[in-house]
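Shown next, in structure tokens, is the structure this report addresses.
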Amino acid sequence: MAEITYLQAIRDALWEEMERDQNVFLLGEDIGVYGGSFKVTEGFIEHFGPKRVLDTPMAETAITGAAIGAALMGMRPVAEMQFADFISCTFDQLVNFAATNHYRWGASVPIVVRAPSGGGLRGGPFHSQNPEAWFVHTPGLKVVAPATPYDAKGLLKTAIRDDNPVIYFENKYLYRHEKGEVPQEEYEVPFGVADVKRLGEDITLIAYGAMVRESLAAAKEVAQEDIDVEVVDLRSLKPLDRETVLASARKTGKIAIAHEAYRTCGLGGELAALISEAAFEWLDAPLVRITAPDTPVPYSPPLEDAFRPNAKKIADALRDLAAY
Amino acid sequence: MDLTNDQLLDLYYWMRLTRAVDDRLMLLYNQGKILGASFSQRGHEAISVGAAYALDSEDIMAPMHRDLGSYLVRGMHPRRIMAQHLGRVTGPSRGRDGNMHGLGDMSLGIIGFVSMLPSSLPVTVGVGLSFWLREEARVALTIFGDGGTSTGKWHESLNFAGVFNLPVVLICQNNQYAYSTPVSGQFAIRDIADRAAGYGFPGVVVDGNDVLAVYEVTREAVERARRGDGPTLIECKTMRMEGHAAHDDARYVPQELLVEWEKKDPILRYEGVLQDQGLLTPEVQEEIKTRVMAELEDAQAFAVDSPLPDPSDLEKGVYHEADCYWDRDPVPES
């Protein structure tokens, strides 16, 4: 198997899906001639032409609305938000139109919205956000957040083939930092299926996106101190794999949750509620959350480093939890 | 004008049916049988009927809450519209959305609307985009109000349509009020149609109470779009004759304005035109009235006799999947 970057995996998924299905097309700001602000779609317009790689005006609402309309006519649009932060500009089209349409009158809206998210790159308050919780809260949307090249490719293929609106959070830090093996042959990663990235007996550490990488590093570190951590990568935030989460929680009895998004009403709160409702009797310690604080994402390195969870902060929390 | 005598009378029938269904919906609301809200379109028949009549069956339309006539002309049965208002499972939303909201049916080329107006406008632009990408000679048309033109999504959509020169027809139903806000509080220009110049396509003002004028202008815009010549913005000037919704007595509207516009009632005006042409004889008028009343009574009876939705279906069909809720008949076979 070939080892490729997370970014290459996303490129490969888009390229292969566009070759497979003429209905798949891309639209977004600066994605064509320029190849996208992160060069995810570099070379696409030369191969597929300007009618399948649309450079649009700077208008997130029109981009999403256009994707919805084309999807209602049977196409498979993949809309790029230049940064996940800008998705708030099109909140209305996503939560009011795309999310409710099928429930309200039965017409499905098969769109994918790619949202490059996350910090650690000194992007500041408006180029670093992790707004997944808004969409996980919205009935009718599906939300995924891959952590590895394998999952990035497989989940994007599944997203494009899904008949429902999918918000695909691709982590910018992982684009070039994360490498992994991806098979040559065709595969998909199903939604609603978490992946246990590391088996362990003492603590269940639940993460997704960039925090999977940090969690695995933290687990490796505390393993030297005989703390055996199981790392559960959610991969799909909605639908959520309740069974895998609960099975691991019941096995270890100690739970830590790491996410890069803000603390209040983040995924960690929902996971805590789920575990409390369905695995309370198995718990040996209060659940721990390692998250960003409830502040905007700051720019200056000491501030952002204090803001963003990392392997060290997670390892410290794991030690405290092990000692409980 | 490319309309035959039969089509001219057809327009009249649709306008009469629209008014009759609308009057009945308001009556049912006042009787406490329609819950929540009900939106009268009284006085807007020329726009909703004239615009929809200008489309071909393969075209797509996204009407809103005061376009009852458009839904009827596109083929949505009055039974289903009445069932929707009474929260019955036989309405297009199966009781999940109310009144004129969510009256969508892709098999009729109708996109159901969302309250955050003009939410259907970016989507209509997207439908037009799909026609342009696939090189299909089809047209997407939507209607929005004067209030909707103040939103960012309105401007983004027109700009997007202009940049790609999409086959769309964008109709503003300027009825002078958005809820209680008069147009003077909505924009600082006289004609919304002027804004089209800023997006690089034509804008036209038309008398929104003249069905033939609305039809003709829309038909021209539809043909222009179908030829690949791009979007048109049409501003139909009219007057909202009732409150925003049935609960609203609209006391903020000057009485003399309503008196003035009552004289321009689009149905009575069109009757005069048809009578002058000798098409609308008393016999024909009576025959149409009888047909309309039969349709109306049938629709109401159907809706009243239809079952309410089953609460056990509450969580079904949020997502599309194989053999999902929407693939099955709304009324289980007994």
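The values are calculated or read from the model by the stated rules, or taken from the named source; none is laboratory data. Computed from a predicted structure; not experimentally measured. Here the Cβ is made from the backbone with ideal geometry for all residues, glycine too, and neighbour counts use every protein chain on show.
Summary of computed values
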| quantity | calculated |
| --- | --- |
| Test result for residue B:94, without any contact (Cβ under 8 Å) to a residue 40 or more places away in the chain and farther than 16 Å from residue B:25 by Cβ | no |
| Residue that is farthest from residue B:42 (Cα to Cα) [pool: residues in the range B:167-181 that are out of contact with any helix residue (DSSP H, G or I) (no Cβ under 6 Å at 6 or more places or on another chain) and in a loop (DSSP other than H, G, I, E, B)] | B:180 |
| Residues located in the range B:319-333, provided they are within 14 Å of chain A (Cβ to nearest Cβ) and more than 17 Å from residue B:98 (Cα to Cα) | B:319, B:320, B:321, B:322, B:323, B:324, B:325, B:326, B:327, B:328, B:329 |
| Unique match (being within 9 Å of chain B (Cβ to nearest Cβ), at pLDDT 95 or above and touching a strand residue (DSSP E or B) at 6+ places or on another chain (Cβ under 6 Å)) among A:26, A:54, A:72 | A:54 |
| Some residue of the range A:143-153 being assigned to a strand (DSSP E or B), at pLDDT 95 or above and at negative phi | yes |
| Scope the range B:86-143; condition in a strand (DSSP E or B), at the interface with chain A (Cβ under 9 Å from one of its Cβ atoms) and surrounded by 21 or more Cβ atoms within 10 Å (Cβ to Cβ); matching residues | B:140 |
| Test: residue A:39 is at pLDDT 95 or above, among the basic types (Lys, Arg) and under 25 Å from residue A:72 (Cα atoms) | no |
| Residue B:47 being under 24 Å from residue B:230 (Cβ atoms), aliphatic (A, V, I, L, M) and touching a helix residue (DSSP H, G or I) at 6+ places or on another chain (Cβ under 7 Å) | yes |
| Tabulated pairs, the range A:114-134, first on the phi > 0 side of the Ramachandran plot, second surrounded by fewer than 21 Cβ atoms within 10 Å (Cβ to Cβ), C-beta under 6 angstrom, 6+ apart or interchain | A:124/A:299 |
| Strands (runs of 3 or more DSSP E) within the range A:180-269 that include 3 or more residues in contact with a helix residue (DSSP H, G or I) (Cβ under 8 Å, 6 or more places away or on another chain), more than 21 Å from residue A:292 (Cα to Cα) and not polar (S, T, N, Q) | A:195-198 |
| Criterion: within 15 Å of residue A:68 (Cα to Cα) and touching a residue at least 12 places away in the same chain (Cβ under 8 Å) - qualifying residue of B:110, B:143, B:81 | B:110 |
| Single residue of A:199, A:156 found to be at negative phi, in the same structural domain as residue A:311 (by TED's automatic domain parsing) and touching an Asp or Glu at 6+ places or on another chain (Cβ under 8 Å) | A:199 |
| Subset of the range A:303-324 that is among the hydrophobic types (A, V, I, L, M, F, W, C) and in contact with an Asp or Glu (Cβ under 7 Å, 6 or more places away or on another chain) - its residue that is farthest from residue A:284 (Cα to Cα) | A:311 |
| Qualifying residue in the range B:191-200 (condition: buried (at least 23 other Cβ atoms within 10 Å of the Cβ), within 12 Å of chain A (Cβ to nearest Cβ) and at pLDDT 95 or above) | no |
| Residue match in the range B:49-64 (condition: facing chain A (nearest Cβ under 10 Å), assigned to a helix (DSSP H, G or I) and modelled with pLDDT of 95 or more) | no |
| Those residues of the range A:9-67 which are without any contact (Cβ under 8 Å) to a residue 40 or more places away in the chain, more than 30 Å from residue B:118 (Cβ to Cβ) and small (Gly, Ala, Ser), in sequence order | A:35, A:43, A:49 |
| The range A:43-75 - residue that is among the hydroxyl-bearing types (Ser, Thr, Tyr) and in a helix (DSSP H, G or I) and, of those, surrounded by the fewest Cβ atoms within 10 Å (Cβ to Cβ) | A:61 |
| Candidates A:45, A:10, A:31, A:4, filtered to the one that is under 15 Å from residue B:133 (Cα atoms), at pLDDT 95 or above and more than 13 Å from every other protein chain (Cβ to nearest Cβ) | A:45 |
| Which listed residue is within 20 Å of the chain's Cα centre (by Cα) and closer than 17 Å to residue A:244 by Cα, from A:278, A:292, A:272, A:311 | A:272 |
| Residue satisfying all of: in the range B:253-281; free of Cβ contacts under 8 Å to residues at least 40 places away in the same chain and β-branched (Val, Ile, Thr); surrounded by the most Cβ atoms within 10 Å (Cβ to Cβ) among these | B:281 |
| Enumeration of residues in the range A:101-114 that are more than 7 Å from every other protein chain (Cβ to nearest Cβ) and out of contact with any Asp or Glu (no Cβ under 7 Å at 6 or more places or on another chain) | A:101, A:109, A:111, A:112, A:113 |
| Search result, residues across the range A:76-98 that are crowded, with 24+ Cβ neighbours inside 10 Å and either within 13 Å of another protein chain (Cβ to nearest Cβ) or without any contact (Cβ under 8 Å) to a residue 12 or more places away in the chain (or both) | A:77, A:79, A:90, A:93, A:94, A:97, A:98 |
| Test: residue in the range B:23-30 that is in contact with an Asp or Glu (Cβ under 8 Å, 6 or more places away or on another chain) and surrounded by 22 or more Cβ atoms within 10 Å (Cβ to Cβ) | no |
| Selection count where residues are within 30 Å of residue A:298 (Cα to Cα) and surrounded by fewer than 22 Cβ atoms within 10 Å (Cβ to Cβ), scope the range A:241-265 | 4 |
